[in-house]
1. What's the total number of residues in the stretch 160-177 that are farther than 16 Å from residue 205 by Cα and over 19 Å from the mean Cα position of the chain (by Cα)?
2. Residue 263 fails exactly one of the following numbered conditions: (1) crowded, with 20+ Cβ neighbours inside 10 Å; (2) hydroxyl-bearing (Ser, Thr, Tyr); (3) modelled with pLDDT of 95 or more. What is the number of that condition?
3. Kindly indicate whether any position in the stretch 121-129 is at pLDDT below 95 and either within 16 Å of the chain's Cα centre (by Cα) or of a type in the set (Gly, Ala, Ser) (or both).
4. Show the residue pairs that are 6+ apart or on different chains and have beta-carbon atoms under 6 Å apart, the first residue being within the stretch 57-83 and closer than 14 Å to residue 102 by Cβ and without any contact (Cβ under 8 Å) to a residue 40 or more places away in the chain, the second being of a type in the set (Lys, Arg) and more than 7 Å from the ligand (Cβ to nearest atom).
5. So which residues in the stretch 123-175 are of a type in the set (Ser, Thr, Tyr) and within 18 Å of residue 59 (Cα to Cα)?
6. Check the stretch 61-77 and report whether any residue there is away from the ligand (no atom under 16 Å from the Cβ) and hydroxyl-bearing (Ser, Thr, Tyr).
7. Give me a count of the residues in the stretch 138-158 that are in contact with a Leu (Cβ under 7 Å, 6 or more places away or on another chain) and either more than 11 Å from the ligand (Cβ to nearest atom) or basic (Lys, Arg) (or both).
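The values are calculated or read from the model by the stated rules, or taken from the named source; none is laboratory data. Quick caveat, the model's predicted, so the values are computed rather than measured. A quick note on method: Cβ atoms are made from the backbone with ideal geometry, for glycine too, and the neighbour counts reach across all protein chains shown.
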Amino acid sequence: MLPEWLSIRPASTEKYGSIKNTITSLGLHTVCIEAHCPNMSECWSGGTATFMILGDLCTRGCTFCAVRKSAKGALIDPSEPEKLAKVVKEWGLDYIVITSVARDDLSDQGSSHFADCVSEIKKVNPNTLVEVLIPDFRGDLDCLKNISKSHPDVIGHNIETVERLTPYARDRRADYRQSLRVLSNSKAIDEKIYTKSAIMLGIGEKEEEVMTAMNDLRDADVDFLAIGQYLRPSQHHIEVKEYIRPERFAQLKDVALRLGFKYVAAGPFVRSSYKAGEYFTKSIISASKA
Ligand code: SF4
């Protein structure tokens, strides 16, 4: 049974329903639905959704993740960039998050299509801030350059867990050190783009391992950090070993801020994209006042 601090979620609203209808009618995907995100109604009611591009089939097999898996990904919709740009305009979104499944089956791992989506959104909506949450692209620098050249405002890549548990939770092609390099290389390619990562707790990590992971992310010059509770999507996914109390998340947030992250979101329901626009805006405002 879930502890009481994880049992209460806000009810969905009319806006949630209308956004869902638009997404479905255009054949677009959101990570909110595919990954069974617990914040879906709250984010959508506030007009924020995280789009998942390059289809709804992932070529990786991470054992915590609810996204559907397949050795071969889905056919790419060439009109996806235009559809996304249109939705952003229609909803008047000033902040959007785009993520994708891993596409190990494509020669450029989907990075060109990813970049096309960012460029088109920026072209049609020049004032919209775009955050991308990218796969590791197996560390390929050309893929990272493709993404950077489309000028997103934030590049996120999640290490997901501590180094010891990476082979247990993530696909065998993922690697903790490789993910850190993806983040440091993204910053090295364009230092003006903010970088972001996320860790989920409750799968058996030790306190000192979480500290090491946070230090490693700072060493990779990561700007923003999200720390949340792992929730098991189904009986087929890895187990929850521990439910972390809200007070512990608050302590970790303090520690992370002292380590130098520009903004930290930490809490039982925090996910890497949770209220991303709000966090980004706050962080920029506080940085400009510092
Ligand atoms: S790479 Fe792993 S975490 Fe990301 S969508 Fe695929 S299975 Fe899920």
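1. Summing the residues that are farther than 16 Å from residue 205 by Cα and over 19 Å from the mean Cα position of the chain (by Cα) in the stretch 160-177 gives 1.
2. Failing condition for residue 263: (3).
3. Yes, the stretch 121-129 has at least one match.
4. Between residues of the stretch 57-83 that are closer than 14 Å to residue 102 by Cβ and without any contact (Cβ under 8 Å) to a residue 40 or more places away in the chain and residues that are of a type in the set (Lys, Arg) and more than 7 Å from the ligand (Cβ to nearest atom), the close pairs are 73/103.
5. 166, 168, listed by residue number.
6. Checked the stretch 61-77: no residue is away from the ligand (no atom under 16 Å from the Cβ) and hydroxyl-bearing (Ser, Thr, Tyr).
7. Residues in the stretch 138-158 being in contact with a Leu (Cβ under 7 Å, 6 or more places away or on another chain) and either more than 11 Å from the ligand (Cβ to nearest atom) or basic (Lys, Arg) (or both): 2 in total.
To keep it simple, each residue is scored yes or no on (1) of a type in the set (D, E, K, R); (2) closer than 22 Å to residue 194 by Cα; (3) surrounded by 18 or more Cβ atoms within 10 Å (Cβ to Cβ); (4) without any contact (Cβ under 8 Å) to a residue 40 or more places away in the chain.
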| residue | (1), (2), (3), (4) |
| --- | --- |
| 88 | no, yes, yes, no |
| 127 | no, yes, no, yes |
| 141 | no, yes, no, no |
| 155 | no, yes, yes, no |
